[in-house]
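Enquirer: Can you read through this structure? Questions will come right after.
Taken together, the values in this text are just the output of simple stated rules run on the coordinates, not laboratory data. If you're wondering where the values come from, they're calculated on a predicted model, not measured in any experiment. In this analysis, Cβ positions are derived from the backbone assuming ideal geometry, glycine residues included, and neighbour counts consider all displayed protein chains.
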Number of protein chains: 2
Amino acid sequence: MKKLFISLFMLLSMAGQAQMDSTSETIRSIYNLALSEQQGYKWLEELCSMGPRLSGSDQATASLLHFKEIIDSLGFESSLQAVTVPKWVRGPQEKAWIIRDGKKSEELAITALGGSVATPEKGMEASLVEISSFDELDKLDLKGKIAFYNIPMEPTYISTGFAYGNAVKQRWAGAIEASKRGAVGVVIRSLSSSVNKYPHTGSMSYEAGTEKIPAAALSTYHAELLSRALKQNPTLKLKMNMACVWYDSVESYNLIADLIGSERPEELILVSGHFDSWDLGTGAHDDGAGAMHALESLYLYKKLGLQHKRTLRLVFYMNEEFGLSGAKAYAKMSKKNSLKHVIAIESDGGGFTPKGLSIQSTKEMVERVKSYRDYFEPYGIYQFASGGSGADISQLGSDDKLLIGLRPDNHRYFEVHHSALDNIDAVNARELTMGSATLTALMYLLDRDDVCFNCN
Amino acid sequence: MKKLFISLFMLLSMAGQAQMDSTSETIRSIYNLALSEQQGYKWLEELCSMGPRLSGSDQATASLLHFKEIIDSLGFESSLQAVTVPKWVRGPQEKAWIIRDGKKSEELAITALGGSVATPEKGMEASLVEISSFDELDKLDLKGKIAFYNIPMEPTYISTGFAYGNAVKQRWAGAIEASKRGAVGVVIRSLSSSVNKYPHTGSMSYEAGTEKIPAAALSTYHAELLSRALKQNPTLKLKMNMACVWYDSVESYNLIADLIGSERPEELILVSGHFDSWDLGTGAHDDGAGAMHALESLYLYKKLGLQHKRTLRLVFYMNEEFGLSGAKAYAKMSKKNSLKHVIAIESDGGGFTPKGLSIQSTKEMVERVKSYRDYFEPYGIYQFASGGSGADISQLGSDDKLLIGLRPDNHRYFEVHHSALDNIDAVNARELTMGSATLTALMYLLDRDDVCFNCN
């Protein structure tokens, strides 16, 4: 990259920044402060250094309480909401091998899916049936076998979230469907957009009345290896060993922090991420990034001294990953107390360069938010679409609400999602920061808008 | 990320893909093939595995000849254009220390700027003057001192390219200005958008009639450390040792490969990247990514059997980094032979998610390219702006031409740019692939357009 190019590019960039109204100037000041300090990234480093935050773990609660101290030191009004969360613990060793002629052959990288029962202590061993589509299940004889779902994320979809959505059934319903047909265990191909040796966990489920069978994810690399090996030798077996344990549910918390509004304090603009993570990595993108987006957006609001008529509320939801118990408890409390959630925002798509907003509301409200687009385009935020918002805030009920999800670039997301790779080194400070500033600017625009959001 | 969210997001994505004309369908097929195969990434892995490609090095030419074999095996008509390139070689050790009371204290990570003369064999030692702006140069006494330019890239600019452009003068003009004022050496703050311990090199220059003084870049971390240390103790010294050597110029090549057009073969649509890199890393983003973008775009064109009236020409330029000799030689040859470059495209902004195109042409042509925007928006390409294109293609002359530069997301670019971090592990396969597909689609739209590009 050379002088000539740069100087022309500079002219271009400067031209784009020349004309500004006062709203644009305020938004510019938000991005300026955010990018100067990159405070959310520092907090994310601190959060990840405390380890994984699997809901039900002591670590998840301890990390939340640590962040309550940070939030209190910032002068927000914070509180904890008690939430009962499930407690499932991964075993110390998770192993699998291809068994050829009764002997252990290649070792395969696996990990228990969240919520799976354990294998017998000495492991389970069975031959396999490979499944490439749910449509073919009824044609297959799974009796006594390990069902091997090998359904890749479709690489040609531009949205990896769409590819994930199309392939995730093997994870959440794979054990149910296999168990109904007599399978003794399940391995799935990890929901990863690349081929590597890191297995990806995630929640799975059982159905009342069907046998609970152990369910694990193979790394994509090993799923492909196993598939090739099966084609050569359909009679080979898989041995797997997982010692995961279910315990009684435990108490944990949602964290709530408010900046009280000056004119309509009862009207809430909620901004949120979920605080829990999976246990293989430290949940840097999922959803440490979203939680820090939410925190940093309030921090920026306060540090800039921006006025707000409505109350800005941060919520760190506990246990998005394992049944949304935090979101359900919050929604229940909200309903009971007739809280007036005017707007709710969630960031749960990772800490990558933000590209847009997905808006879940009436057509009129969607158009209203779309009208802000010109303010955001200088920052690379251009995709304003009607669509889903976030799993946690959707619990508030979506029919008459304005729910908004931040949509970052997601080409890299499913490489790290739910795996041991989801750590701070996978997050870029500038990219993360752009997300926080975007949420701050969004809240600013929404608060100053005199449209009656959610007035029904 | 949960079922509910995903299923709503799927509906949204499907809706967006519902209505397609045949042009959209062809573009869709380009992205489909690209993302299925990710061939450019495989080539980039191969390229980077061969080592750095500093122009003038045997390695640069050997890697180019290896890629000529690959290109020939694909059935393109390829040729080499001889180019004379400078040969400068970094010394085996580059070291610097803070000297306190005559003794070596903290060691600092430095690297010679490209083109610097060496220090004396035993190193040079002098006290320092810190410079935070070129405006203050005349007020400072640099005589006998090491000039320490410590001008950070401005973090608040959304475009890191803009921030780079504003800070890069310390690298290319720092030695000239310091030498004029009697300095004996120069260290600059690395042009990096983050604070870490990796120094970033890049080309620098001397001016006839001024003393050639050694010039190096400190890692941003050590630039900050040195700045703090100087505030405590302005009399401390810096010792640095670099053994870089200038040799006589050598012969290398540009690589040219054509897919001959069916109707107007004499009209060229040129697509390019530069093949040379800096020597600290393996030039994965700068500009292996751009070179592979260009190659993959032609590969996709051919594999899909897309028709093209005009000739599609790939150029791998040699030596963008050290004086643009490949681009100058190519432009000279083009002029001599009256080649008809209808359109020229360059990718030299890294292999990150593409966001747009920067179009350097007449207003009419800029508007023409902007009219393609709707075809690209489903792929996240939305920034179509008038601006600089690329350093290499600009040598063709820009007044009456249509020159286009690919603009990827650049939040991460200047963390790795010109440093030991610019390796294949910093490149994401999907992100890279999106760039290649975008160039293919762009060539497709330009070729089928019957507008008379560059008809003067």
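Enquirer: Among (1) surrounded by fewer than 21 Cβ atoms within 10 Å (Cβ to Cβ); (2) within 8 Å of chain B (Cβ to nearest Cβ); (3) in contact (Cβ under 8 Å) with a residue 60 or more places away in the chain, where does A:Ala385 come up short?
Expert: (3)
Enquirer: Residue by residue through the range B:266-299, note down the ones that are within 13 Å of another protein chain (Cβ to nearest Cβ) and in a helix (DSSP H, G or I).
Expert: B:His285, B:Asp286, B:Asp287, B:Ala289, B:Gly290
Enquirer: Out of all the residues in the range B:39-65, which are surrounded by fewer than 21 Cβ atoms within 10 Å (Cβ to Cβ), within 14 Å of chain A (Cβ to nearest Cβ) and either within 30 Å of B:Tyr372 (Cα to Cα) or out of contact with any helix residue (DSSP H, G or I) (no Cβ under 7 Å at 6 or more places or on another chain) (or both)?
Expert: B:Gln39, B:Lys42 - these are the residues of the range B:39-65 that are surrounded by fewer than 21 Cβ atoms within 10 Å (Cβ to Cβ), within 14 Å of chain A (Cβ to nearest Cβ) and either within 30 Å of B:Tyr372 (Cα to Cα) or out of contact with any helix residue (DSSP H, G or I) (no Cβ under 7 Å at 6 or more places or on another chain) (or both).
Enquirer: Select, from B:Gly397, B:Gly435, the only residue that is more than 9 Å from every other protein chain (Cβ to nearest Cβ) and surrounded by fewer than 23 Cβ atoms within 10 Å (Cβ to Cβ).
Expert: Matching residue, one of B:Gly397, B:Gly435: B:Gly397.
Enquirer: So, one more: If we scan the range A:232-241, do we find a residue that is of a type outside the set (Lys, Arg) and assigned to a helix (DSSP H, G or I)?
Expert: Yes, the conditions are met somewhere in the range A:232-241.
Enquirer: Take A:Lys237 and decide whether it is out of contact with any Cys (no Cβ under 6 Å at 6 or more places or on another chain), exposed (fewer than 15 other Cβ atoms within 10 Å of the Cβ) and more than 16 Å from A:Ser116 (Cα to Cα).
Expert: no
Enquirer: Looking only at residues that are more than 10 Å from chain A (Cβ to nearest Cβ) and within 15 Å of B:Tyr379 (Cα to Cα) in the range B:20-38, which one is surrounded by the fewest Cβ atoms within 10 Å (Cβ to Cβ)?
Expert: It comes out as B:Glu25.
Enquirer: Could you name every one of the helices (runs of 4 or more DSSP H) located completely within the range B:373-456 that has at least 3 residues being within 20 Å of B:Gln38 (Cβ to Cβ)?
Expert: It comes to B:429-448.
Enquirer: Could we say that B:Val129 is under 19 Å from B:Tyr206 (Cα atoms) and β-branched (Val, Ile, Thr) here?
Expert: Here the answer is no, as B:Val129 does not meet what is asked.
Enquirer: Then there's this: Those residues that are closer than 23 Å to A:Leu74 by Cα and part of a loop (DSSP other than H, G, I, E, B), I need them from the range A:303-359; list them, please.
Expert: A:Leu304, A:Gly305, A:Leu306, A:Gln307, A:His308, A:Lys309, A:Met318, A:Ser347, A:Gly351
Enquirer: Follow-up question, since we're still on this one. So, in the range A:341-358, of the ones that are within 23 Å of A:Glu266 (Cα to Cα) and surrounded by fewer than 24 Cβ atoms within 10 Å (Cβ to Cβ), which residue ends up nearest to the other protein chains (Cβ to nearest Cβ)?
Expert: Result: A:His341.
Enquirer: Quickly run through the range A:395-404 and pick out the residues that are among the small types (Gly, Ala, Ser) and touching a residue at least 40 places away in the same chain (Cβ under 8 Å).
Expert: Once the filter is applied, which keeps residues that are among the small types (Gly, Ala, Ser) and touching a residue at least 40 places away in the same chain (Cβ under 8 Å), the range A:395-404 yields only A:Gly397.
Enquirer: Any idea which residue in the range A:320-340 is nearest to A:Ser272 (Cα to Cα), counting only those that are of a type in the set (A, V, I, L, M, F, W, C) and within 11 Å of chain B (Cβ to nearest Cβ)?
Expert: By that ranking, first place goes to A:Ala327.
Enquirer: Going through A:Ala257, A:Ala243 one at a time, which residue ends up being surrounded by fewer than 21 Cβ atoms within 10 Å (Cβ to Cβ) and of a type in the set (Gly, Ala, Ser)?
Expert: Going through A:Ala257, A:Ala243 in turn, just one is surrounded by fewer than 21 Cβ atoms within 10 Å (Cβ to Cβ) and of a type in the set (Gly, Ala, Ser): A:Ala243.
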